[in-house]
Structure formats: C-alpha cells, structure tokens
Amino acid sequence: MSDLVPESMSAKGLEAFLHEKIPLTRAMGLHVAESNARRLVLEAPLDRNVNHLGTAFGGSLHALPTLACYAGLWTLLREAGIDGHVVVKRSQAYYRAPVTGTLRAICIRPPAAVVKEFIRDLQRHKKARMELEAVVEGKDGKPAVEFSGTFVAVV
C-alpha cells in the first residue's frame, strides 16, 4: 500500500487521512461521525461553513456530500486491499432547503453485488466507475440537499 492509504480505516483514521490529503476538509471542520458497513456520515459545523444569510454556504453543501461519497468509495477500495486513486467525474446537487445547523452528509453504501462488480471491473480494466448518492440533512433530519455523482477509481 502507498503512503496515501492510511493504516487504519476507522472513523478517526479516515478523518486524519482526509485532513492531511484534502486541506479543505480541515478548513471546513469536517468530522467523520460514522463509518461502517452500512453508511458513511460526515459532519461540519455551521460557523465554518456559513454564508451571508447565516445559513450553510452552497459550496460547502456541495463539497460535504461529494466528500462523503469520495470517502465511501475510498474506504471500499481500502477494504478490498486495493491501492488506487478516486476522482469525481460528474456531480449534481439539488438544494431543497437551507441548512441552519450542523452540516451532516450521509452516503449509504452500495449493495454488495454492485461493489463486487465494481471491484471486478477495476481489477480487469484498471479503472472503474460507480454512481453514488448522498443526502445532506436539514431540519428534523429531512433532506436539504440531494447529491449524486459519478466517481472513478484508477489503479
């Protein structure tokens, strides 16, 4: 494994990796709240991501779910023992409501069959892509931002 792959993929290890390799995450105050077999949850405080209206800045509301999907795919690679790079190819965000508190992005892990096919394609072609989605929670846990993106892994 290269120095780009942290020894530990615990939430704490993933957070340290993101802060070191993607400096924006430190500036945003990003925190890995949850990382498990089911989902990846990233949080960031409003005061570091606020706009002129006192709500979350739109750029932060796009960056956080992008990072959640990126980190989710990165973690899948790590768990499969693959040393590769992840990049975003396409992304789209639908802003449904302002966020007035802690920013919280949730990326649900893809089904095992999708992961298996992705890993097979990556090993065969040295490149594979995956469609991922994330939601930024708003008031009462309702979706404030719906994010989708195409992510590419290269080995």
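Among Gly72, Gly58, Gly101, which is the only one that is without any contact (Cβ under 8 Å) to a residue 40 or more places away in the chain and either closer than 22 Å to Ala33 by Cα or out of contact with any Pro (no Cβ under 6 Å at 6 or more places or on another chain) (or both)?
Details: Gly72 fails: without any contact (Cβ under 8 Å) to a residue 40 or more places away in the chain; Gly101 fails: without any contact (Cβ under 8 Å) to a residue 40 or more places away in the chain.
One residue alone meets the criteria, Gly58.
Which residues, counting only those in the stretch 63-118, are more than 14 Å from the chain's Cα centre (by Cα) and closer than 22 Å to Glu137 by Cβ?
Tyr94, Tyr95, Arg96, Ala97, Pro98, Val99, Thr100, Gly101, Thr102
Would you check which residues across the stretch 125-155 are basic (Lys, Arg) and more than 13 Å from Arg90 (Cβ to Cβ) and list them?
Correct list: Lys126, Lys127, Lys139, Lys142.
Look at the stretch 102-155 and say how many of its residues are assigned to a strand (DSSP E or B) and among the aliphatic types (A, V, I, L, M).
Selection size over the stretch 102-155: 15.
Quick one: which of Arg78, Arg90 is charged (D, E, K, R), part of a helix (DSSP H, G or I) and in contact (Cβ under 8 Å) with a residue 24 or more places away in the chain?
Values: Arg90 fails: part of a helix (DSSP H, G or I).
Arg78 is the lone residue from the list that is charged (D, E, K, R), part of a helix (DSSP H, G or I) and in contact (Cβ under 8 Å) with a residue 24 or more places away in the chain.
Could you go through the stretch 53-71 and let me know if any residue there is in contact with a Ser or Thr (Cβ under 6 Å, 6 or more places away or on another chain), assigned to a strand (DSSP E or B) and either among the β-branched types (Val, Ile, Thr) or modelled with pLDDT of 95 or more (or both).
no
Filter the stretch 19-52 for residues that are assigned to a helix (DSSP H, G or I) and farther than 17 Å from Ser91 by Cβ and give the result. I'd like the intermediate steps shown before the answer.
Filtering the stretch 19-52 for residues assigned to a helix (DSSP H, G or I) gives 19-21, 23-28, 46-48.
If the condition is that a residue be assigned to a helix (DSSP H, G or I) and farther than 17 Å from Ser91 by Cβ, then His19, Glu20, Lys21, Pro23, Arg26, Ala27, Leu46, Asp47, Arg48 are the ones that fit.
Return the residue satisfying two criteria in turn: it lies in the stretch 127-149 and is more than 13 Å from Gly101 (Cα to Cα) and touching a residue at least 60 places away in the same chain (Cβ under 8 Å), and of such residues it is farthest from the chain's Cα centre (by Cα).
Val145
The values are calculated or read from the model by the stated rules, or taken from the named source; none is laboratory data. Model, not experiment: these values are computed from the prediction. Please note: Cβ atoms are built from the backbone with ideal geometry, for glycine as well, and neighbour counts cover all protein chains shown.
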